[in-house]
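The values are calculated or read from the model by the stated rules, or taken from the named source; none is laboratory data. If you're wondering where the values come from, they're calculated on a predicted model, not measured in any experiment. Virtual Cβ from ideal backbone geometry, glycine too; neighbours counted across all protein chains shown. When the accessible area is computed, the model is the full protein with side chains, heavy atoms only, and any ligands, DNA or RNA have been set aside. Shrake-Rupley method; radii C 1.70, N 1.55, O 1.52, S 1.80 Å.
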Amino acid sequence: MNSSLGIYFGPKAISLVEVKGRKLINNIQISHSAASSGELEEKVPAEAKVIGIIALFKEELRRNRVEAKEATLCLSGKDLIIRTFEMPVLPREELQSAINFEVKKYMPFKTEELISDFQLKFDKISRTNIVLFMGIKKEALDSYLSILSQLDIKLNAIEYSAFSILRCLKLSGASESGIIGILAADLPGKDEVNFTILENGFPLFSRDITLPASPEYMGKDAEAESSATLEKLKTEIRMSLDYYDRKFSNKNIKKMYLLFNQEHHLELEAFMAEIGFPATFIDINKCLDRTTPYSLGFVKSYSASLSKVIKNKLTVDLLAAQAKIKSLKEKSIQKEILSLFEGIKLDYRMAAAALFIIIASIGLGFYRTQPLRKELETILAVRPRVSVISPGASYGELAGKDTEYKRKLDALGSLVNKQVYITEPLDVLPRVLPKGVWLTSLSLNKRSEGKAELTLEGTAYLSDSDKEFAAVNEFLLSLKSTPAFTKYFKDINVTSLNSGRSQEVMVTNFLISCKTYQGRE
Amino acid sequence: MKLSGLINKNRVFNASLIILAVIVAGNIYKGQGKGVEALKKENDMEIKKNTVMNSLSKGENDLDGYKNIFVKKDAGSIINTLSNIAKESGVKIKSIKPAQEQKLTYYIKTPFNLALSVPGYHALGGFISKLENYRDAYLVVEAVDIRSETQGEGLNVNLMVNSIVLTN
């Protein structure tokens, strides 16, 4: 069985009780002073207070290793509006508006600001319905729901603390039948006092009493203060009973049950006897498997935590009421939307115009893209086929291949076109040799691509050295002026020219260098 | 009074229909605009591709031309060719020595060192001319050294001829 929580937001403290079945597991009290910042509390925005409470809750849940993931919320009378009133018997559909009308009498604000639920009890004697009305301001409910949602705790129910206490009666074995009263108070704890009168478990009257402290005794005499508070309580009980008697004069209280601090219960029992009510004291510790110091906050939260284990006769459910309102709102919005479309007649001319606009826009798009598609087809149709690359290759791949081709073609082009073909220069040489000049050797060396050197070695013999020199010079000029020779050789120079002896005669020897490039290398 | 009662619902509904159609048409037009832009970009890209493909096609043709020039032949075949040309030109080959081939990026050079005995300058010219104009292989004279024979009219010639073929 999973554990569950009972959380009581009291005026002085927040009380948390974790139970598994009926077994008490954790009892945690969080003082409001721990969640607020003392004197400055009123200046702190509500959102900040909620954040503070959540942080405190989380810390306490973690520290006490609380595992429960669901809770029953138990609220004090200051958060709720509890009213019991009589109404004539009405049809169900008229009942809600009649109750709302009646409730307006007791409330200083609009019923629209309230989440409420009610329960009926038919009174055979007066032949009227007794209505138990319970409401909470939406703002307050949202605030509590927000806290629990942020704690990731599922909410089972929201209860009035005075009604939660009724489970203690069942737990103690006290009978709920007939008209009984239950007074729950914690004078030292200064919690809200609850005085409820029930008829067969249905509340006829309920009152939450806040007892103000007696300033004359504060901090001086605790016993005197306690005694003064008790007297105030007695007065309040008398007033409440007077009111009850006036309202339900024919419904006499049979018995009074007291949930009270041990030290005052005898005095209170005596008081009840004095005003004519037999009173029974309920010792909560007898219902528990362990002794716990008396605290009304604990009793309330413990009773709330038992909501799934001990059912009471009350069916008022604020959570369900909230869900119902939400659903009604949604339905009314849906209805309003649907009502907008009711009776609408479609104008076929408008529908045709709308259709035309859409078709026209599609047609326009087709009209805009068609020339581009044709252009694309033409572009693809004229694309040349290249065997080395697929037509679907990307632009980058194509450009890469093109660059590679260009490099290869450049290399081969320069190999063929910059080549020195020796045929032509060899053809030129015998034609430009002047009379008396002949070559003794010829050598050609290609150093690198496009770079070659032709060396011509020869002899001139004209019996006159000047004429021989002139002949060599003429040979040089002829070479320089012959296009078929200069096509290849750009730098033609005499390297040496000297007189020498050959076969007993004086000759002029020469050496001519012809380079395909300018200057020295 | 309800809102629905205050307005002529038919008019509102039918006008909404037209407004909705205009919005839908607008969105279709916008979407198509993006499509048109994409198509334009695609066309531009395809035109650029065509330019490159044209260049590649021309390059491929040029390369085919070079493949016809740089015909691959083995060393034995080249020696045969050289011998035949020499015979036709009246040149005597004293020796032929193929040297180590040189692999370059786009082509391979195979040098042949020839020692020739040539009766005259014209015979040598004829031999070199035939060599350089030979169609079945690309032959280039890399080096020439011509010297008169010590006795007689003949010439001693040392030639280095390169046979060039394309790499794959």
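If you take the accessible area of B alone, add that of A alone, and subtract the area of the pair, what total do you get in Å², probe 1.4 Å, to the nearest 100?
Numbers: alone 12560 and 30470 Å², together 36990 Å².
Heavy-atom accessible area buried at this interface is about 6000 Å².
Average partner chain C-beta neighbours within 10 Å, per residue of A:422-428? Write down the numbers at each step before the final one.
Working: counts 11, 10, 4, 2, 11, 4, 0.
Average neighbour count from other chains, rounded to a whole number: 6.
I want to check the label-to-label distance for A:Glu59 and A:Glu223. Put each point 7 Å from Cα in the C-beta direction and report it in nm to one decimal.
3.8 nm
R0 = 35 Å: FRET efficiency of B:Asn54 with A:Asp491, Cβ-based, nearest 0.05?
Details: r = 41 Å, r/R0 = 1.16.
Using R0 = 35 Å, I get an efficiency of 0.30.
So, in nm, how far is label B:Asp74 from label A:Ser149 when the simple model puts each one 7 Å beyond its Cα toward the Cβ?
9.3 nm
Share of the protein assembly as shown's accessible area from carbon and sulfur, percent, 1.4 Å?
Values: 19850 of 36990 Å².
The value for the protein assembly as shown is 54 percent carbon and sulfur by accessible area.
Stretch A:Thr280-A:Ser97 to full length: gain in nm at 0.36 nm per residue minus the Cα-Cα span? Each step should come with its number before you reach the end.
On the way: separation 183, 0.36 × 183 = 65.88 nm, distance 4.09 nm.
Here the segment from A:Thr280 to A:Ser97 would lengthen by 61.8 nm.
Could you size up the charge dipole of chain A around its Cα centre, putting +1 on the beta carbon of Lys and Arg and -1 on that of Asp and Glu, and report it in debye to the nearest 20?
1740 debye
For A:Arg127 and A:Phe341, FRET efficiency with R0 = 51 Å and r from the beta-carbon atoms, rounded to 0.05?
0.60
Along the charge dipole of the protein assembly as shown, which of A:Ile81, A:Val386, A:Gln262 sits closest to the positive end, that is, farthest toward it, with unit charges on the beta carbon of Lys, Arg, Asp and Glu (+1, +1, -1, -1)?
The listed residue farthest towards the positive side: A:Val386.
Specify whether the C-alpha gyration tensor of the protein assembly as shown places it in the rounded, prolate or oblate class, a ≥ b ≥ c being the square roots of the eigenvalues: rounded for a/c under 1.5, otherwise prolate if a/b is larger than b/c and oblate if not. Each step should come with its number before you reach the end.
Values: a/c = 6.03, a/b = 3.53, b/c = 1.71.
Because a/c hits 1.5 or more and a/b exceeds b/c, the protein assembly as shown counts as prolate.
Express the accessible area of segment A:159-308 per residue in Å², computed with a 1.4 Å probe while the remaining protein chains stay in the model. Please report the intermediate quantities before stating the final value.
Values: 6160 Å² over 150 residues.
Here the residues of segment A:159-308 average 41 Å² of exposed surface.
With +1 on each Lys and Arg Cβ and -1 on each Asp and Glu Cβ, and nothing else charged, work out how big the dipole of segment A:239-378 is about its Cα centre, in Debye to the nearest 20.
Numbers: 21 positive and 15 negative charges, 142 e Å.
That gives a dipole near 680 debye.
Would you mind computing, in nm to one decimal, how far apart the modelled labels at A:Ile179 and A:Arg246 are, each placed 7 Å from Cα along Cα→Cβ?
1.7 nm
State the answer as a single residue: which of B:Ile108, B:Ile69, B:Val24 lies farthest towards the positive end of the charge dipole of chain B, with beta carbon charges of +1 for Lys and Arg and -1 for Asp and Glu, about the Cα centre.
Of the options given, the answer is B:Val24.
What does the net charge come to around A:Ser443 if you take all other residues with beta carbon closer than 11 Å to its beta carbon, with K and R at +1 and D and E at -1? Please list the in-between numbers first.
On the way: positive: B:Arg147; negative: A:Glu453, A:Glu457, B:Asp145.
Net of charged neighbours comes to -2.
On a full-extension model of 0.36 nm per residue, what is the gain between A:Ile310 and A:Ser414, subtracting their alpha-carbon distance, rounded to one decimal in nm?
Values: separation 104, 0.36 × 104 = 37.44 nm, distance 10.65 nm.
Value of the extension gain: 26.8 nm.
For peptide B:17-24, what's the mean number of Cβ atoms from other chains within 10 Å of each residue's Cβ? Could the numbers behind the result be given before it?
Working: counts 8, 6, 1, 3, 11, 4, 1, 4.
Neighbouring Cβ atoms belonging to other protein chains average 5 per residue here.
With a probe of 1.4 Å, find how much accessible area segment A:364-410 has per residue, and write the answer as a whole number in Å². Show your work: numbers first, answer last.
Values: 3160 Å² over 47 residues.
Here the per-residue accessible area is 67 Å².
Once every DSSP H run of n ≥ 4 in the protein assembly as shown is given -39500 (n - 2.57) and the sum is divided by its residues, what mean residue ellipticity at 222 nm do you get, rounded to the nearest 500 deg cm²/dmol? Before the final figure, lay out the partial values.
Details: 19 runs with 308 residues, N = 689.
For the protein assembly as shown, the value works out to -15000 deg cm²/dmol.
Other chains' Cβ within 10 Å of B:100-108 residues: what's the mean? Mind dumping the intermediate values first?
Values: counts 0, 0, 0, 0, 3, 3, 7, 4, 0.
Per-residue shielding by partner chains comes out at 2.
Specify whether the C-alpha gyration tensor of segment A:124-182 places it in the rounded, prolate or oblate class, a ≥ b ≥ c being the square roots of the eigenvalues: rounded for a/c under 1.5, otherwise prolate if a/b is larger than b/c and oblate if not.
Details: a/c = 3.86, a/b = 1.63, b/c = 2.37.
Oblate is the answer for segment A:124-182, as a/c is 1.5 or above yet b/c matches or exceeds a/b.
Could you calculate the FRET efficiency of A:Val382 with A:Ile362 from 1/(1 + (r/R0)^6), where r is the beta carbon distance between them and R0 is 30 Å, rounded to 0.05? List each step's numbers first, then the result.
Working: r = 31 Å, r/R0 = 1.02.
It comes out at approximately 0.45.
First select every other residue whose beta carbon is under 12 angstrom from the beta carbon of A:Thr292; then total the charges, Lys and Arg +1, Asp and Glu -1. Present the calculation step by step, with values, prior to reporting the outcome.
On the way: positive: A:Lys286, A:Arg290; negative: A:Asp283, A:Asp289.
Overall, the nearby charge balance is 0.
Among B:125-133, A:259-267, how do they line up from the highest to the lowest mean number of other beta-carbon atoms within 10 Å? Could you put the intermediate results ahead of the total?
Values: B:125-133: 19.9, A:259-267: 17.0.
Top of the packing list down: B:125-133, A:259-267.
Decide, for segment A:125-248, between rounded, prolate and oblate: order the square roots of the alpha carbon gyration tensor eigenvalues as a ≥ b ≥ c, take rounded if a/c falls under 1.5, and otherwise choose prolate if a/b is larger than b/c, else oblate.
On the way: a/c = 1.87, a/b = 1.11, b/c = 1.68.
Since a/c reaches 1.5 but b/c is at least a/b, the shape of segment A:125-248 is classed as oblate.
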